[in-house]
Amino acid sequence: MAEEKYTWHKVAGHTNEIEWQENNIAVVELKGKKICLAMFNNSVFAFAFKCPHAGGLLADGYIDAIGNIVCPVHRYKYNISNGRNVSGEGYYLKHWPVELREDGVYVGMERGKGVFDWLK
Ligand code: FES
């Protein structure tokens, strides 16, 4: 069996323990670093705390009707599930897989990468 690509880190005991803002985005800590979670269509997504363009705080943005994260600063848009910059500026939003398990909400981190590499 192939080794699993990710190591999984629990960020909450349940989705209803997460402090969702009105925009359905929440900030959680993963190994002491902030990341964002978003709830869209009853699924949870995880992505970087800051916009890759100029560091806008994505938790202050919003999720549009088709599931893009919209940065509050210059309104660049990123696909919530693959990080693609759908408004066309050529950036890429770092994101991570999320699993909802019986005992909690887990975010997957690629193996072989240090926490400080993947949170850049
Ligand atoms: S900082 Fe996010 S679009 Fe410019």
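No lab work stands behind these numbers, since they all come straight from the coordinates. Treat the numbers as computed from the prediction; the structure is a model and nothing was measured. Note: ideal-geometry Cβ built from the backbone for every residue, glycine included; neighbour counts use all protein chains shown.
Each label was represented as a point 7 Å from its Cα along the Cα-to-Cβ direction; for Val73 and Asn16 these points are 3.7 nm apart. Which residue, Ile18, Ile69, Ile80, has the most motion in a Gaussian network model of the chain that connects Cα atoms within less than 10 Å? It is Ile18. For the range 1-103, GluC sites (Glu not before Pro) are listed when DSSP marks them as loop and at most 16 other Cβ atoms sit within 10 Å of their Cβ; the list is Glu3, Glu4, Glu19, Glu22, Glu89, Glu102. For the range 43-108, the residue among Val86, Ser43, Gly104 whose Cα projects farthest onto the positive side of the dipole built from Cβ charges is Val86. Among Arg111, Arg84, sorting on how many other beta-carbon atoms sit within 10 Å of each Cβ, with the fewest leading, yields Arg111, Arg84. Summed over all non-identical Cα pairs, the Kirkwood treatment of the chain gives a radius of 14.6 Å.
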